[in-house]
Amino acid sequence: MKLPTRVRLIDVGPRDGLQNEKQPVPAAIKIELVHRLQAAGLKEIEVTSYVSPKWVPQMADNHDVMAGITRLTGVAYSVLTPNLKGFESAVLDQPDEIVVFGAASEAFSQKNINCSIAESIERFAPVVEAALAKGIAVRGAMSCTVGCPYEGDIAPERVAYLAKLMADIGVRRVDVADTIGVGTPRRVQAAIEATLQHFSIDAVSGHFHDTYGQALSNTLAALEMGVWNFQSSVSGLGGCPYAKGATGNVATEDVVYLLHGMGIETGIDLDALVDAGAYISEQLGRPSGSRVARALLAKRAG
Ligand code: HMG
Ligand code: MG
C-alpha cells in the first residue's frame with residue numbers, strides 16, 4: 001500500500017454535474033460556479049462540452065461560459081470534444097485541455113456518441129492530433145469501465161482494450177470512469193489494473209459516480225494503488241443523459257474531507273468549497289448531494 005501524499009482533483013461539476021439538468025442553467029451561474037471553484041483552490045475544472053445541442057441542450061452555451069470566465073494562472077480549464085466539429089468549435093475558446101470520451105461498452109458508445117468503439121477512435125484520432133499540434137493537453141474519458149446500463153458487468157479485458165486504443169492515438173492520460181456507480185473496490189481496482197497495462201499511474205484518474213454509495217470506498221481503493229488524480233463534482237451534482245438513473249459524481253467536498261482526514265494534501269479550502277456547493281445548490285433549488293457539506297452547513301447554522 002503506497003498512499004499518495006498529495007492528490008489533484010478535477011471538479012467536473014460545471015460539465016458532468018450540470019449537463020443533465022432539465023431546466024436551463026444560465027451561463028452566468030455556470031461562470032460564477034467556476035469562479036467559486038477556483039477561489040476554493042481547484043486547479044483543474046471541467047467547464048463544458050462541445051457536443052450536439054440537440055443531444056445535450058444544457059451545454060449549448062459552451063462559448064458564452066468559456067468566454068465569461070476570468071481565468072487564473074495555474075488553473076487548467078478542460079472541455080469535452082467528441083469529434084473534429086466539436087474540437088474546431090472548442091479551440092476558439094482556448095481550452096487548456098480537451099477530452100475525448102469513449103466507452104468500454106459497445107452499447108453505451110452507441111447510445112452516448114452514436115457510434116461503435118472502433119468508430120469513436122477513428123473520430124478521436126484527428127482530434128487528438130490537432131490538439132497536440134496546438135499544444136493543447138489531451139485526456140481520454142473511459143466510460144462504463146465496471147458496468148454498463150445496457151450490457152451489465154464489463155470485464156477488465158475490455159477496459160484494457162479501450163485503454164490501448166486511446167494510448168495508440170496519442171491520448172496522454174485517461175479517466176477510469178464508473179459511469180453508473182455500480183463498482184465496488186476490487187472491481188474498480190481491476191479496471192485500473194487493466195488501464196495500467198497502457199498508462200502509467202500518474203496518467204490515470206478515477207471518476208466515480210456515487211449511485212450505489214460506493215464512490216468513496218472506490219476512491220480509497222484507487223488511492224491504495226497509488227492513483228492521485230480524481231474527478232469529482234461539487235455538491236455531488238450530475239448524472240449522464242445516456243445512463244438513466246445514474247446519480248452524480250462523488251461530491252468534491254466528501255473527497256476533500258476524506259483526503260484531508262488522511263493527511264493527504266489537495267490545496268483546496270474545504271470551507272470555500274462548501275460555499276461554492278451551497279451556491280449552486282441554492283441556484284438549483286435543492287439540498288447539496290454532499291454529506292460533508294450538509295454536515296458542515298448544519299454545524300455552521302448551529
Ligand atoms: P451524430 O448525430 O452521430 O453526428 O452525433 P453527425 O456527425 O451525424 O451530425 C449530426 C448533427 O449533429 C449535425 O447537425 C451536426 O452538425 C451536429 P444537423 O445537420 O443535424 O443540424 N454535430 C454537432 N453539433 C455540435 N457539436 C458537435 C457536433 N457534432 C455533430 N461536436 C455526437 C455525434 C457525438 C455529436 C452526438 O452523439 C452527441 O452530441 N452526443 C452527446 C454526447 C454527450 O455529451 N454525452 C454526455 C457526456 S459523456 C459523460 O458524461 C461520461 C463522462 O462523464 C465519463 C463517465 O462518467 O463515464 C465523460
Ligand atoms: Mg461522468
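Its Cα centre serving as origin, the chain has a Cβ charge dipole (Lys and Arg +1, Asp and Glu -1) of approximately 280 debye.
Once you have the Cα-Cα distance between Glu282 and Arg186, take 0.36 nm times their residue separation minus that, and quote the gain in nm to one decimal.
Length difference between fully extended and current span is 30.9 nm.
Taking the helices alone, the chain has a mean residue ellipticity at 222 nm of -12500 deg cm²/dmol, built from -39,500 (n - 2.57) per DSSP H run of at least 4 residues and averaged over all its residues.
Taking 4.7 Å between C-beta atoms as the pairing limit, the chain has these partnerless cysteines: Cys115, Cys240. When Trp55, Trp228 are arranged by Cβ crowding within 10 Å, least crowded first, meaning fewest neighbours, the order is Trp55, Trp228. Normalised by the residues of the range 8-301, what does the relative contact order come to in percent, with Cα pairs under 8 Å and at least six apart? Reported relative contact order: 19 percent. For the chain, rounded, prolate or oblate, judged on the Cα gyration tensor with a ≥ b ≥ c (square roots of eigenvalues), a/c < 1.5 rounded, else prolate if a/b > b/c? Rounded is the answer for the chain, as its axis ratio a/c remains below 1.5.
Spatially close Lys pairs in the chain, defined by Cα atoms under 24 Å apart and a spacing of eight or more places or different chains, total 18. For Val100, what is the net charge nearby, where nearby means another residue's Cβ is under 9 Å from its Cβ and Lys, Arg count +1, Asp, Glu -1? Neighbour charge sum, excluding Val100 itself: +2.
Read-outs throughout are calculated quantities, based only on the coordinates presented, and are distinct from any laboratory measurement. Keep in mind that this is a model prediction, so the values were computed, not measured. All Cβ positions, even for glycine, are placed from backbone atoms using ideal geometry, and neighbour counts span all protein chains on display.
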